[in-house]
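Colleague: This is the structure, below, for whatever I ask next.
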Amino acid sequence: MVADPSRKTALSRLAFASLLLIALLMGANHVGARVAFNHGLDVATAVTVRSTFTAIVVTILIFLQQVPLRLTRRHLKVLPLIGILISIQSLTIYASVARLPVSLALLAFNTYPLWIALWARLFYKTKPEPQVLRIMPVMLLGLALALDVFGATSGLGLKEQWGQIGSGVAFALTAGATFGLAMVLTQHEASDLDGRVRTAATMWMVGLVALAATRATGSFHWPNAIEGWWGLAALAVLYGAGFTLMFTLLPKLGVVGNSAIMNVEPICALVLAWLILDQTIAPVQVVGACIVVGAVIKLGLRKKSG
């Protein structure tokens with residue numbers, strides 16, 4: 001089905017509100033994950049539970065709604081690749097959340113709109129819009145302030161600061177890069193496949209990869225306190241809801257142009273982490289986070305050409 005060009009602006013406004021909801025769900029999911037990590041849960045177990053839970057729920061939805069499973073040869077080739085990419089993204093973003101304040105981990109991960117533009121250019125020759133190119137440096141400046149990349153705010157200096165945050169930032173950037181590629185492949189190779197079918201196939205594969213990771217590291221590591229079990233339940237339910245909406249909605253809207261709206265997710269996580277985890281960051285880092293969010297909101301509200 002081809003969208004009516006005359007409805008592009010109205011659809012974008014409706015999508016903007018929907019994407020803000022997804023950002024809230026995904027931000028809350030990561031706060032729940034950090035609660036669980038603080039009480040004994042490990043990354044591989046978290047990814048196994050949340051992915052399997054999401055896969056079961058979406059598979060039941062497919063059955064109840066009698067969604068046709070129309071898989072082409074192209075789908076069968078690209079879905080495993082998307083599943084592997086999302087598996088890497090899932091493991092690395094939670095590894096980052098376990099090492100950094102939640103909001104900072106998500107800020108680094110939410111560079112994925114830049115990765116989307118890069119992958120779309122490299123693999124599909126899609127030129128980024130001029131406004132996207134102009135906003136990219138602003139986003140990166142805000143990210144640099146938020147992460148305190150020179151260690152000025154913390155007083156640690158460049159070397160010690162990166163000694164503390166380096167692995168967490170690396171995990172988050174890896175998550176952003178793999179997620180961006182997965183979204184570009186979804187739009188260009190599997191957007192004609194029902195979003196519920198894509199989500200179920202992806203989540204089953206992520207669950208299997210994470211299960212293999214738990215076996216490689218010995219066994220499951222469950223929470224050791226009731227707070228950890230509540231965190232595990234929250235991350236599974238919130239992630240399942242947000243991920244299903246994301247993979248159903250974004251490809252229909254054009255992922256390259258609209259995905260950056262969800263960069264408000266770190267602000268949602270910042271507030272929730274302050275309320276629930278008592279995590280705080282320096283005022284200049286908050287300014288950096290607001291610069292990133294302001295830039296992507298501007299990006300999300302821009303008028304599209306065509």
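The values are calculated or read from the model by the stated rules, or taken from the named source; none is laboratory data. No experiment lies behind these values; they were computed from the predicted model shown. Positions of Cβ are generated from backbone atoms using ideal geometry, with glycine treated the same way; all protein chains shown enter the neighbour counts.
For every residue, the table says whether it meets (1) under 30 Å from Pro223 (Cβ atoms); (2) of a type in the set (S, T, N, Q); (3) in contact with a Pro (Cβ under 7 Å, 6 or more places away or on another chain).
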position: His30; (1), (2), (3): yes, no, no
position: Gly40; (1), (2), (3): yes, no, yes
position: Thr45; (1), (2), (3): yes, yes, no
position: Thr48; (1), (2), (3): yes, yes, no
position: Ile88; (1), (2), (3): yes, no, no
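Colleague: When you go through (1) closer than 29 Å to Gly228 by Cα; (2) at pLDDT below 90; (3) not hydrophobic (A, V, I, L, M, F, W, C) one by one for Gly83, which number turns out not to apply?
Modeller: Result: Gly83 passes all but (2).
Colleague: If you don't mind, another one. Is there a residue being among the β-branched types (Val, Ile, Thr), modelled with pLDDT under 85 and over 16 Å from the mean Cα position of the chain (by Cα) anywhere in region 291-301? I'd like the intermediate steps shown before the answer.
Modeller: Taking region 291-301 as the starting set, the residues that turn out to be among the β-branched types (Val, Ile, Thr) are 291-293, 296-297.
When the remaining residues are screened for being modelled with pLDDT under 85, the result is 292-293, 296-297.
Going one step further and asking which of them are over 16 Å from the mean Cα position of the chain (by Cα), we end up with 297.
The answer is yes, given that some residue of region 291-301 is among the β-branched types (Val, Ile, Thr), modelled with pLDDT under 85 and over 16 Å from the mean Cα position of the chain (by Cα).
Colleague: Here's a follow-up. Taking into account only those residues within region 63-93 that are polar (S, T, N, Q) and in a loop (DSSP other than H, G, I, E, B), which is surrounded by the fewest Cβ atoms within 10 Å (Cβ to Cβ)? Before the answer, list the steps.
Modeller: Filtering region 63-93 down to residues polar (S, T, N, Q) leaves 65-66, 72, 87, 89-90, 92.
With in a loop (DSSP other than H, G, I, E, B) added as a condition, the list becomes 65-66, 72.
Working: Gln65: 9, Gln66: 6, Thr72: 12.
That would be Gln66.
Colleague: What single numbered condition from (1) surrounded by 23 or more Cβ atoms within 10 Å (Cβ to Cβ); (2) farther than 21 Å from Val47 by Cα; (3) modelled with pLDDT of 85 or more fails to hold for Ile281?
Modeller: Among (1) surrounded by 23 or more Cβ atoms within 10 Å (Cβ to Cβ); (2) farther than 21 Å from Val47 by Cα; (3) modelled with pLDDT of 85 or more, the lone unmet condition for Ile281 is (1).
Colleague: On the basis of being at pLDDT below 95 and either within 30 Å of Gly218 (Cβ to Cβ) or assigned to a helix (DSSP H, G or I) (or both), does Ile22 make the cut?
Modeller: Against the criterion (at pLDDT below 95 and either within 30 Å of Gly218 (Cβ to Cβ) or assigned to a helix (DSSP H, G or I) (or both)), Ile22 qualifies.
Colleague: Between Gly155, Gly166, Gly151, which is more than 25 Å from the chain's Cα centre (by Cα), surrounded by fewer than 16 Cβ atoms within 10 Å (Cβ to Cβ) and among the small types (Gly, Ala, Ser)? So that I can check it myself, show each step before the final result.
Modeller: Details: Gly166 fails: more than 25 Å from the chain's Cα centre (by Cα); Gly151 fails: surrounded by fewer than 16 Cβ atoms within 10 Å (Cβ to Cβ).
So the residue among Gly155, Gly166, Gly151 that is more than 25 Å from the chain's Cα centre (by Cα), surrounded by fewer than 16 Cβ atoms within 10 Å (Cβ to Cβ) and among the small types (Gly, Ala, Ser) is Gly155.
Colleague: Restricting attention to region 207-228, which residues are in a helix (DSSP H, G or I) and touching a Leu at 6+ places or on another chain (Cβ under 9 Å)?
Modeller: Residues of region 207-228 that are in a helix (DSSP H, G or I), as a first pass: 207-216, 226-228.
Val209, Ala210, Ala213, Gly228 - these are the residues of region 207-228 that are in a helix (DSSP H, G or I) and touching a Leu at 6+ places or on another chain (Cβ under 9 Å).
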